[in-house]
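The values are calculated or read from the model by the stated rules, or taken from the named source; none is laboratory data. These numbers come from a predicted model, not from an experiment. With ideal geometry, Cβ positions are generated from the backbone for all residues, glycine too; neighbour counts draw on all protein chains shown.
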Amino acid sequence: MPNRETPGDVRREMCQVIEDLHALQLITATGGNVSARVPEAPGQAWITPGGLFKGALQPENLVRIGMDGEAVDAGTGSPSSEVLMHTAVLEAKAEAQAVIHCHAPHATILVNSGLPFLPISSEAAYFVGIGRIPFVMPGTQELADAVVEAMGEGWAVLMQNHGLLVAGRSLRRAADMTEIIERTAQVILGGYAVGKPPPVLPDEAVEKLLAHGDLVA
Ligand SMILES: [Zn+2]
């Protein structure tokens, strides 16, 4: 019974995070996927399955994968079709514990329109250099490579005609960052929508926040 839940299992937290992001309409019925390293085996991760409704996932629905993106346990569902982005980021960033990908609407509009991600708040300031990539076919190694390259030393990538991908030192922080980025994109777009590009924090405030360290990830 490889999928039986064990105490402290990260899969329970994954289901909670998925439910939270679903309630925020960031993860939709079939759009979006989440992975988290298996605590006792960092070279493996749990990931959401392909094609299942994301609003009512149970721990036993999650699929254990190796860093080749293949399911480890026989008889489980198949991993998300976007698994390669997750394994590529987890491989490239040893400190990343989790990856969240979603089709966040405002983040997508922002990157589709080529508008800048502006430091409009102290939270937003941490993502000023957020990576962005053009459309690449979902599910491909080419997309996984493009995401890793655009992420660089950062923790998030805006994906044109697609969505957003965020890695985190914990699952909850990845979820928090996902929400911050989407909310910030929404407020930036609102400014342009009323014909008023939003005011931004002074450079020295942004520098101070960034120097302050690592509130992100
Ligand atoms: Zn996607």
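Can you tell me which condition Ala74 does not meet? The list is (1) among the hydrophobic types (A, V, I, L, M, F, W, C); (2) surrounded by fewer than 16 Cβ atoms within 10 Å (Cβ to Cβ); (3) at pLDDT 95 or above, and all the others hold.
All conditions are met except number (3).
Are any residues in segment 42-54 surrounded by 13 or more Cβ atoms within 10 Å (Cβ to Cβ) and not in a strand (DSSP E or B), and if so, which ones?
Residues satisfying the conditions are Thr48, Gly50, Leu52, Lys54.
Assess whether Thr178 counts as being under 30 Å from Gly195 (Cα atoms), among the hydroxyl-bearing types (Ser, Thr, Tyr) and in a helix (DSSP H, G or I).
The answer is yes for Thr178.
Exactly one of these conditions fails for Asp176: (1) in contact (Cβ under 8 Å) with a residue 24 or more places away in the chain; (2) more than 16 Å from the ligand (Cβ to nearest atom); (3) under 15 Å from Ala36 (Cβ atoms); (4) not polar (S, T, N, Q). Give me its number.
So Asp176 meets the others, but not (1).
Of everything in segment 134-155, what is surrounded by 13 or more Cβ atoms within 10 Å (Cβ to Cβ), within 16 Å of the chain's Cα centre (by Cα), at negative phi and in a loop (DSSP other than H, G, I, E, B)? Give them in sequence order.
Answer for segment 134-155, where residues must be surrounded by 13 or more Cβ atoms within 10 Å (Cβ to Cβ), within 16 Å of the chain's Cα centre (by Cα), at negative phi and in a loop (DSSP other than H, G, I, E, B): Pro138, Gly154, Trp155.
Within segment 158-168, is there a residue that is under 24 Å from Leu84 (Cβ atoms) and away from the ligand (no atom under 16 Å from the Cβ)?
Yes, there is a match, as at least one residue in segment 158-168 is under 24 Å from Leu84 (Cβ atoms) and away from the ligand (no atom under 16 Å from the Cβ).
So Glu13 clears everything in (1) within 16 Å of the ligand (Cβ to nearest atom); (2) touching a residue at least 60 places away in the same chain (Cβ under 8 Å); (3) not hydrophobic (A, V, I, L, M, F, W, C); (4) not in a loop (DSSP other than H, G, I, E, B) except one condition, right? Which one?
The number of the failed condition is (1).
Please find, within segment 111-133, the residue that is nearest to Ser35 (Cα to Cα) out of those that are part of a helix (DSSP H, G or I) and within 16 Å of the ligand (Cβ to nearest atom).
Val111
Could you check segment 80-98 and list, in sequence order, the residues that are of a type outside the set (S, T, N, Q) and surrounded by fewer than 21 Cβ atoms within 10 Å (Cβ to Cβ)?
Scanning segment 80-98 gives Glu91, Ala92, Lys93, Ala94, Glu95.
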